[in-house]
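These notes concern the structure reproduced below.
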């Protein structure tokens with residue numbers, strides 16, 4: 001079982017370096033950098049962390065084809081391999097309609113756009129030209145696996161059809177086995193050997209359960225707004241709640257999010273609480289259908305402490321040997 005963390009570039013780079021180096025020393029396999037227009041650039045963060053780590057895989061994304069052209073995605077990934085040969089992965093997804101609207105960008109035909117992006121990026125990374133004569137004049141150092149970030153049924157199937165792997169969004173947590181099966185079956189039908197299924201799980205660990213839940217709520221709100229309508233209905237989410245959350249998220253009113261998002265919904269869409277809570281939640285995951293778990297932001301009120309404790313809990317649970325002793 002691969003164990004990775006996601007870092008949200010809301011913190012200064014020096015602090016992200018501390019988190020990444022801690023994760024590398026403990027034995028985590030990868031660090032993924034999320035992309036949001038209101039945070040620091042995930043591309044710059046990935047470059048910085050590639051220079052500050054030795055063995056940790058650097059995951060770029062999730063990048064979307066509306067804010068980033070596929071040619072730029074390929075350029076970013078290939079360039080990064082010169083700093084971290086064989087340690088670069090790329091994730092492509094449809095993007096968040098709320099954020100894209102704020103940026104003045106449309107959100108049209110996401111399945112087609114994501115598929116075209118994957119095909120274009122893979123073509124460029126393998127040294128070929130596209131039909132429009134796009135090319136890279138240099139070759140990446142090592143293979144760059146392309147993951148699709150997926151929630152809905154058709155995107156999960158597309159991931160299996162064209163991706164090297166899938167990052168299943170935390171919105172799928174209540175339906176994780178169903179989602180993993182769908183992506184895996186699509187990959188099998190497409191003959192994609194070595195297809196990796198990894199769950200990106202919003203995580204917040206702290207000895208005080210209430211503090212852990214409070215910390216994860218803004219992240220859950222964003223995930224909830226992007227969740228397929230059919231799944232929101234299965235969870236019993238009311239339209240009035242979505243309206244209030246959408247207004248709060250668009251304004252960056254995090255205090256309002258804490259007020260309107262119920263604790264039980266935050267817990268259903270994340271792995272949050274104290275160490276015992278987190279261990280129990282992880283033990284309930286359908287791990288036989290997974291190749292990896294990505295502990296997604298915020299990790300906890302104190303991320304470095306949470307990274308250490310998450311490793312202790314998850315490495316014991318999944319029988320992972322340490323790369324080194326816990327960071328002091």
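Before moving on, here are some points about what is shown:
- Residues of the stretch 221-243 that are in contact (Cβ under 8 Å) with a residue 40 or more places away in the chain, in a helix (DSSP H, G or I) and closer than 14 Å to residue 151 by Cα: 222, 223, 224, 225, 231.
- Matching option when the condition is under 28 Å from residue 231 (Cβ atoms), in contact with a strand residue (DSSP E or B) (Cβ under 8 Å, 6 or more places away or on another chain) and surrounded by fewer than 21 Cβ atoms within 10 Å (Cβ to Cβ), among 145, 97: 145
- Top-ranked residue of the stretch 177-217 - restricted to ones that are under 19 Å from residue 261 (Cα atoms) and not in a helix (DSSP H, G or I), ranked as farthest from the chain's Cα centre (by Cα): 208
- Residue among 289, 295 that is more than 19 Å from residue 5 (Cβ to Cβ) and either under 19 Å from the mean Cα position of the chain (by Cα) or crowded, with 23+ Cβ neighbours inside 10 Å (or both): 289
- Checking each residue in the stretch 22-49 for being buried (at least 20 other Cβ atoms within 10 Å of the Cβ) and either at pLDDT below 95 or closer than 14 Å to residue 89 by Cβ (or both) picks out 28, 29, 30, 31, 32, 33, 34, 35, 42, 43, 46, 49.
- Screening the candidates 279, 304, 256 for the property of being free of Cβ contacts under 8 Å to residues at least 24 places away in the same chain, surrounded by fewer than 20 Cβ atoms within 10 Å (Cβ to Cβ) and not in a strand (DSSP E or B) yields one hit, 256.
- Residue within the stretch 95-104 that is part of a loop (DSSP other than H, G, I, E, B), closer than 23 Å to residue 30 by Cβ and either in contact with a helix residue (DSSP H, G or I) (Cβ under 8 Å, 6 or more places away or on another chain) or at pLDDT below 95 (or both) present: yes
- Checking each residue in the stretch 144-164 for being modelled with pLDDT of 95 or more, in contact with a helix residue (DSSP H, G or I) (Cβ under 8 Å, 6 or more places away or on another chain) and either assigned to a loop (DSSP other than H, G, I, E, B) or over 14 Å from residue 115 (Cα atoms) (or both) picks out 144, 163.
For every residue, the table says whether it meets (1) touching a helix residue (DSSP H, G or I) at 6+ places or on another chain (Cβ under 8 Å); (2) without any contact (Cβ under 8 Å) to a residue 40 or more places away in the chain.
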site	(1), (2)
25	no, no
43	yes, yes
67	yes, yes
77	yes, no
86	no, no
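- Residue selected from the stretch 110-133 under the condition without any contact (Cβ under 8 Å) to a residue 12 or more places away in the chain and part of a loop (DSSP other than H, G, I, E, B), by the criterion surrounded by the most Cβ atoms within 10 Å (Cβ to Cβ): 130
- Residue list for the stretch 225-245, restricted to those being modelled with pLDDT of 90 or more, surrounded by 16 or more Cβ atoms within 10 Å (Cβ to Cβ) and either within 19 Å of residue 101 (Cβ to Cβ) or in contact with a strand residue (DSSP E or B) (Cβ under 7 Å, 6 or more places away or on another chain) (or both): 242, 244, 245
- Among the candidates 196, 186, 212, the residue that is modelled with pLDDT of 95 or more and closer than 18 Å to residue 282 by Cα is uniquely 212.
- Going through (1) under 21 Å from residue 221 (Cβ atoms); (2) in contact (Cβ under 8 Å) with a residue 60 or more places away in the chain; (3) in contact with a helix residue (DSSP H, G or I) (Cβ under 7 Å, 6 or more places away or on another chain) one by one, residue 167 falls short only on (3).
The values are calculated or read from the model by the stated rules, or taken from the named source; none is laboratory data. Because the structure is a prediction, the values reported are computed rather than measured. Positions of Cβ are generated from backbone atoms using ideal geometry, with glycine treated the same way; all protein chains shown enter the neighbour counts.
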